[in-house]
Each structure stands twice: as C-alpha cells, then as structure tokens.
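To keep things clear, I will list the structure first and then write my remarks on it.
Read-outs: derived from the displayed coordinates by stated rules, not from any lab. All values reported here derive from a predicted model rather than from experimental measurement. Ideal geometry is used to build each Cβ from the backbone, glycine not excepted, and the neighbour counts take in all protein chains shown.
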Amino acid sequence: MIFGPREVRANERGIVVFDLGGRRHAVEAGTVERIVTREEDGWIRSTVLGRPEHARRGLVTTLDGRPRTLAVDEVLGVERVPADSIAPLPEVARLTLRTRGIAGLVARDDELLLLVDLPELIRESEEESTSDA
Amino acid sequence: MRAMRELRHETSDPWEALGSPDQVALFVFRLLGERYAVHAHLVHEVIRAGALTRLPAAPAFLLGVFNHRGEILAVLDLAQLLAEENTSLAQGARVAIVQSGPWKLALVAEALEGLVSVPPTALEPPPTSWPGPSEFLECVAQTKDGPLSVLDLPRLIEVARARGTSA
C-alpha cells in the first residue's frame, strides 16, 4: 500500500494523482498496492478514461485475489487531502453514467478530479474485453 | 437570487409575481432558437459556471460537473434533451441552478433572459401541432412578445434520469 494505516489521519484521505491521456485523475491510495515502471503481466490500457499516450507508469491493485495493473502516463503525486474535499458524484450523474469506475470527485485547488474506483474500472474493462472477444 | 436580479426583466416588476396568487412567474431562456420557460420558483439562482469537469461514459445531455461554493452540481444541456442538439458552454457562461424535488442541478441554454409574470389566464394547454417533444411541454404562455413554451421541468429531469439509465 502507498500509505500505511498510521500515516493518514482520520480527517484525511490518501490519494494518488495521475495523468492519463492528458487529463489528471485521482485514485484512493488504499486501493493502489504499488506503482511500477516496468510492464510485466500485461497492463490494462483501455478503459472509459481513454488510453494512455506514453504508459510510463502502472498502478497495481488487487482484484479477485490477483494483481492487475492500469497503465497511466505519469504519476503526479501521492497526497493527503482533507476527507471533506472528496465528494460523491451528483445523483443525476451517479444514476446516468454508464460506468462503475468513477467513485466520486476530489476538489483540489481550482479543479475537480475524477476519483477513480480502480478495481471497478479494471473489472469493467476486462468485462468489455471479454464481451468483445 | 442576487444574480437573477441582474437579468433583464420583461415586465415592470416580475418579482412581485413570485408571491402573488394572481400572477404566474416564469423564468425565460432561449433554446433551439425559441423562447422557453420554467416556473420561476424552481430556479435558485443564475451564476457564471466555473470550470467544467467532463465525465466519462456520460449521456450526451450531461455536460459535466462543477464546484459551486463547495457543492458539486451536474450540468444538463436542455437542447440535447429536447432535440438532441448541442449547446456550447463557454467558461463563464451563465447557468441556471434549479431544484426539482430531490434534484438540484444546473441548466445550460443558449441565453438566459430572466423573469416574466403572466396572469393564470394567459396559460393555455400545449397545442397538438407543437413541433418539439410534447411530453416535456406543460403549457404555453401568451406574452406580449408572443407565445412562450413552458417546460415541465420535473418531468424533463425524470426522463433524463431514465434515459441515461436505460441507454
């Protein structure tokens, strides 16, 4: 894990901020096992977030007991943010988005980052790959 | 509400109509080259939209979300819902924040005109020949500037939600 259990205070959340296809997104640090630079078992490159342009980093998570890696262009930082800077999607968006891979939003400086549900994003991508095959 | 007061009023004092039983207050905007309205009590305020965050895998009518004083609001494109046509939303463009039942969101239109008040007798049932989707039309208001199509906003939002879910 990127942060140990004692490294994030109760009123804070740990996030990993990354760039994918020219847009910045965030993911809960607790769902990222590690960040890797070398492709080993095949990176997942196609999701609803688009495709990476350079795929210089991989975010590794565990799904159904197995490691999976999302290819991203860059990891921009690992941050602690106030817990109240993370919000769920507005109800209309939650009910109408055709993806389960977005968990909410992070208000950071002057921008809103998509908070990605990494395991769900990868699960969804794999399901679509299976149905396309 | 202060921002709404900045908009051009079409009648001498439409704000009085908000609390008047013998007047109906409507919030007017321009869409698809026509004038539309919703009931004014549904409109919280008119603001300049902040930076929009677009959402992946969103239906075409959901333009994105933005942060308004710590509250994250979804932005709906009415032209998409009515006629599957796009409305461009430049940064700083005005949006109307509306509340309909549990739904609070921002609406984008070609132009937001402001308030108009009409007597209840000026409201007529929708014509059968109306070219748009009549499921969204609540009534037609006869005003000095011509007929005004009054949208059934709760119905519009409900259909948007259902469309997005079933797509």
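For this structure, a couple of remarks:
- Checking each residue in segment A:86-97 for being touching a residue at least 24 places away in the same chain (Cβ under 8 Å) and surrounded by fewer than 17 Cβ atoms within 10 Å (Cβ to Cβ) picks out no residue at all.
- Qualifying residues in segment B:96-147 (those that are closer than 19 Å to B:Leu78 by Cβ and of a type in the set (Ser, Thr, Tyr)) - the one farthest from the other protein chains (Cβ to nearest Cβ): B:Ser134
- Segment B:50-64 residues that are more than 7 Å from chain A (Cβ to nearest Cβ) and within 20 Å of B:Glu158 (Cα to Cα), paired with ones that are of a type in the set (Lys, Arg) and surrounded by fewer than 18 Cβ atoms within 10 Å (Cβ to Cβ) (beta carbon under 9 Å, 6 or more apart): B:Phe61/B:Arg163; B:Leu63/B:Arg54; B:Gly64/B:Arg54
- First in segment A:39-57 and at positive phi, second anywhere and crowded, with 18+ Cβ neighbours inside 10 Å, Cβ under 7 Å, 6 or more apart: A:Gly50/A:Leu20; A:Ala55/A:Trp43; A:Ala55/A:Ala71; A:Ala55/A:Asp73
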